[in-house]
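This report concerns only the one structure given below.
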Amino acid sequence: MEFPSLKERGLDIHAFTCAQCSFCQVGHGACPTYKVKRVDSYSGKGKMLITRALAQKRISKEEGLEGLRDGIFGCTLCGGCEEVCQVDIPFIQIYQLMRSDFKDMGMWPEGLGDAKAMLMKSRNIQGQPQMDRIEGWSYWHPEEDYLLDREGVKSKTAIFLGCASSFKAVPIQASIATAMIMEKIDEEFTMLGEEEWCCGAPLIMTGDFEGAKEFALHNIRKYKELGVERIVTNCPGCYKMWAHEYHEFLDIDHEFEIIYGADFFMRLIDEGKMNNISSDYEATVTFHDGCDAGRNAGFYEEPRKVLENLPGVTFEELPHNKANCYCCGSGGVLRAFDNEFALQINELKVEDIEQTNTDIVVSMCPSCVDFMHGQLPVAGSEKASMDLAVIIAKSLGLEWEGLDEVY
């Protein structure tokens, strides 16, 4: 059998180019799903071999499709397989296209259908009222009206919050921190508020490209109405969508400059706009390279440069870091497909973190920060999980209501 989406893009050949080297199973920092499952179909090699066998009709659909489906959706899309692949197979793109084909075959996991229904109804993956995208947390800011006054104003710079950073208490702290840092450096900006819809990443990651396009076009239209020229986002998943996947999967080309938060903060340091860091804040930290920020976008040095320029911060690398960093388990909408599996993957991450002599694991991915915040204490760890933006704000001496209580 064939997978139409792969054939259309000329990617079906990769099922035959896999060298069966097993690097994606045992390479340093490689596939976390295989590390947990120890089943070949959960590795890149295994999925390519089953796809090849189906194409060659060496196994029947009844024998191979269900297992392949579970392997394709039982993946965090972390990119660990791509990082170590000896023949440069674009696994993440292939998996997302195959998820689309499984959807067309009526083999979409039930939980994903429920998640899509909620997303289409509420316009955010949390299923919360859209009015809460700013109003739900603006009272934490020292000047509540300041955030509300940024909603829908014309500006060349926009902050795209993303769903997690709008509705979940821990990631919201990074949104407040970013807004306060912008205010401190006199950077004018706008936010869409309840007119900000999900970037569409959950839909693209599950193979629903048409559904994602509706969300993308809405946000693009709203930003154009406000005269926006550049969009800053702290969420690497949102960044990847805006910077790459709108074009790659949806054939959308927009003219916005898309800036990932860590890169934005590094630019501020390079421009001398944060030379007045003089608070007495001190912390010993390590850094988690979220998969979309690290392997899938290449932002390794930017967050480290920021941390190095915070005078009270002492930094120590994780045993597995940068391109070899372990996935935390929260990516690829795996939690909607198999949450228990995601928790098992996170156990590997916690073990890695516990090997450091640090108090805080810093990241700049709202999903990673929130997931680790919940799971570290469950595993008996006393380390905190905190967003890079919050660490910067603390180093600048910025304070707001509820910060300590949330952490």
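The residues of segment 357-389 that are assigned to a helix (DSSP H, G or I) and crowded, with 24+ Cβ neighbours inside 10 Å, listed by number, are Pro366, Ser367, Cys368, Val369, Phe371, Met372, Leu388, Ala389. Among the residues of segment 265-274, at least one is closer than 23 Å to Ile181 by Cβ, free of Cβ contacts under 8 Å to residues at least 40 places away in the same chain and touching a Lys or Arg at 6+ places or on another chain (Cβ under 9 Å). Give segment 38-51 a look and list any residue that's in contact with a Ser or Thr (Cβ under 9 Å, 6 or more places away or on another chain), in a helix (DSSP H, G or I) and without any contact (Cβ under 8 Å) to a residue 40 or more places away in the chain, or say none. Scanning segment 38-51 gives Tyr42, Lys45, Leu49, Ile50. Residues in segment 52-81 that are surrounded by 21 or more Cβ atoms within 10 Å (Cβ to Cβ) and assigned to a helix (DSSP H, G or I) were compared, and the one that is farthest from the chain's Cα centre (by Cα) is Leu68.
Considering the conditions (1) touching a residue at least 40 places away in the same chain (Cβ under 8 Å); (2) farther than 28 Å from Glu271 by Cβ, Trp137 is excluded by exactly one of them, (1). If you filter segment 322-341 down to residues that are touching a Gly at 6+ places or on another chain (Cβ under 7 Å) and among the charged types (D, E, K, R), you find that the one that is farthest from Thr206 (Cα to Cα) is Lys322.
When Lys213, Lys224, Lys240, Lys273 are screened for being more than 27 Å from Gln126 (Cα to Cα) and among the basic types (Lys, Arg), only Lys273 passes. Of the listed requirements (1) under 30 Å from Cys85 (Cα atoms); (2) in contact (Cβ under 8 Å) with a residue 60 or more places away in the chain; (3) of a type outside the set (Val, Ile, Thr); (4) assigned to a loop (DSSP other than H, G, I, E, B), Trp400 misses just one: (1). All of Glu316, Glu308, Glu302 fail the test of being out of contact with any helix residue (DSSP H, G or I) (no Cβ under 6 Å at 6 or more places or on another chain), within 20 Å of Ile181 (Cβ to Cβ) and assigned by TED's automatic domain parsing to the domain that holds Val390, apart from Glu308.
The values are calculated or read from the model by the stated rules, or taken from the named source; none is laboratory data. Note that the coordinates shown come from a computational prediction; the quantities given were computed from them, not determined experimentally. Cβ coordinates were reconstructed from backbone atoms using ideal geometry, including for glycine residues, and neighbour counts include every protein chain displayed.
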